[in-house]
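Engineer: I am attaching a structure below and will ask some questions about it afterwards.
The values are calculated or read from the model by the stated rules, or taken from the named source; none is laboratory data. What you see is a predicted model; the values in this text were computed from it and never measured. Using ideal geometry, Cβ is built from the backbone for each residue, glycine included, and neighbour counts are taken over all protein chains shown.
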Amino acid sequence: MNEQVSISSRVASLKKSAIHEMTRLSKQVEDVAFLSWAKPTSDTPTHIKEAAIRAIRDGLVGGYSETSGIFPLREEIVKKLYRDNGIAARASEVLVTVGAVEGLSAAIMAVIDPGDEVILPTPTYSTHIRQVLLASGKPILVPLVEKEGYRWDHEAVKNAITPRTKAIMYCSPSNPTGTAFSETDLRGLAELALKYNLIVVTDEAYEYFTFENTMHFSIGSIPEMNGRVISTYTFTKTYAMTGWRIGYLHASESLIPQITKAHIPFAICAPVVSQYAALGALQGPQDCVQKFRAHYSAMRDIMCERLDRLTHVFDYQKPGGSYLMFPRILIDEGKDSLDFCKKLLFNAKVSATPGIAFGPTGESHLRLSFCVSEETIHKAFDRMDTYFKR
């Protein structure tokens, strides 16, 4: 017998990730200029690595921690939430997770049932869409207003709410657009959440990387939203700790036990060595974060300058945060963003991420990352200049 093994419809229905497809294809090309990876190219700061080494030498990392994370780390997170996010938390309201992604997955599993609807902006981080689908939920994608810097359209959100709507989920500053949603925008979302009895799930991975007069606002700081917000954060972006897989979330004491029920079968606990590294990150000098921000701001400006030389090919909204931007492709070849990015890769040796990966309104766009060196940006755009002249 040669019967095919049955695969769950949840997984089988997921389309291949355009992001990971481009990563796979990029390995086939030599000397690629990478503008596609949303990961810091900087190394993890020395004081964080030393904190991990001390914990290893002291024999602290060989076993599990408590499921919610080591208590000293949760205490430091409480201080950080109050200082930087305006959230008055207790250690019992903090759950340390395997990066923000596992925390977001556990949160979604805890708050939605099969068939429940979750409102997300489009364009949005593709992983959020998949997290809803894997929980047998239904993503409802509401277009952002691109010409106004990708702001929320509150009337469109209101019109998308149905009796099955359970939550609103978003990333700010945004992956892929780099938009830091304003306090006004997010207070408008909070009003809708309160009116229609919705949970708000946030991904605030890029919270420290905003530029000029742009400010990061945490919707969890609104007192009326207590018990309605699951705020998710990560050390990955802030401290260049991508490979350490360490993040955390904050929610009310009534929600945390339910989220923990999902967290345990996903992870048991976050990697203990990474928890001690994260503790070292919070307790150590913070000038590394300022250096990262200054670098990203400078690289953003250089990328904008280079895009300004290609106005016949791209139009863009200057990002107020993150280290990502999302130009619109103006030429006909850009109508299929995946095909456009493949041609750019194989003909110009430049790796970018196709916009279709981020929702239906992402089509005819591409995501570019500026968490790279100035040399890489110029290398990529020199090649694009030549390619588009041809």
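Engineer: Checking the conditions here, which among THR214, THR202, THR184 is in a loop (DSSP other than H, G, I, E, B) and outside the structural domain of ARG300 (by TED's automatic domain parsing)?
Structural biologist: THR214
Engineer: Pull up the range 93-144, narrow it to residues that are farther than 18 Å from PRO265 by Cβ, touching a residue at least 40 places away in the same chain (Cβ under 8 Å) and in contact with a Lys or Arg (Cβ under 8 Å, 6 or more places away or on another chain), then point me to the one that is surrounded by the fewest Cβ atoms within 10 Å (Cβ to Cβ).
Structural biologist: It comes out as GLY115.
Engineer: Report, by residue number, each residue of the range 200-223 that is closer than 23 Å to ASP287 by Cα and surrounded by fewer than 23 Cβ atoms within 10 Å (Cβ to Cβ).
Structural biologist: TYR208, THR210, PHE211, GLU212, ASN213, THR214, MET215, HIS216, PHE217, SER218
Engineer: If you don't mind, there's one more thing I want to ask. Within the range 323-333, can you find the residues that are in contact with a helix residue (DSSP H, G or I) (Cβ under 8 Å, 6 or more places away or on another chain) and touching a residue at least 60 places away in the same chain (Cβ under 8 Å)?
Structural biologist: Matches in the range 323-333: TYR323, MET325, PHE326, ARG328.
Engineer: Now, a different point. Condition (residue is modelled with pLDDT under 95 and hydrophobic (A, V, I, L, M, F, W, C)) applied to the range 316-330: is it met by at least one residue?
Structural biologist: no
Engineer: Scan the range 76-103 for residues that are closer than 23 Å to SER126 by Cα, assigned to a helix (DSSP H, G or I) and out of contact with any Asp or Glu (no Cβ under 8 Å at 6 or more places or on another chain) and report the count.
Structural biologist: The total comes to 4.
Engineer: State the number of residues belonging to the range 153-174 that are surrounded by 24 or more Cβ atoms within 10 Å (Cβ to Cβ), touching an Asp or Glu at 6+ places or on another chain (Cβ under 8 Å) and either modelled with pLDDT under 95 or in a loop (DSSP other than H, G, I, E, B) (or both).
Structural biologist: Total meeting the criteria: 2.
Engineer: Here's a follow-up. Across the range 331-341, what is the number of residues that are modelled with pLDDT of 95 or more and surrounded by 17 or more Cβ atoms within 10 Å (Cβ to Cβ)?
Structural biologist: Counting residues in the range 331-341 that are modelled with pLDDT of 95 or more and surrounded by 17 or more Cβ atoms within 10 Å (Cβ to Cβ) gives 3.
Engineer: OK, next. Could we say that PRO285 is crowded, with 16+ Cβ neighbours inside 10 Å, in a loop (DSSP other than H, G, I, E, B) and in contact (Cβ under 8 Å) with a residue 40 or more places away in the chain here?
Structural biologist: It is false that PRO285 is crowded, with 16+ Cβ neighbours inside 10 Å, in a loop (DSSP other than H, G, I, E, B) and in contact (Cβ under 8 Å) with a residue 40 or more places away in the chain.
Engineer: Quick one: which of ILE268, ILE246, ILE264 is crowded, with 18+ Cβ neighbours inside 10 Å, β-branched (Val, Ile, Thr) and within 22 Å of GLU66 (Cβ to Cβ)?
Structural biologist: Result of the check over ILE268, ILE246, ILE264: ILE246.
Engineer: Just one of LEU194, LEU279 is surrounded by 20 or more Cβ atoms within 10 Å (Cβ to Cβ), over 17 Å from the mean Cα position of the chain (by Cα) and not in a loop (DSSP other than H, G, I, E, B); which is it?
Structural biologist: LEU279
Engineer: Shifting gears a bit: Quick check: is even one residue across the range 349-356 over 22 Å from GLY321 (Cα atoms), surrounded by fewer than 16 Cβ atoms within 10 Å (Cβ to Cβ) and over 23 Å from the mean Cα position of the chain (by Cα)?
Structural biologist: Scanning the range 349-356 turns up no residue that is over 22 Å from GLY321 (Cα atoms), surrounded by fewer than 16 Cβ atoms within 10 Å (Cβ to Cβ) and over 23 Å from the mean Cα position of the chain (by Cα).
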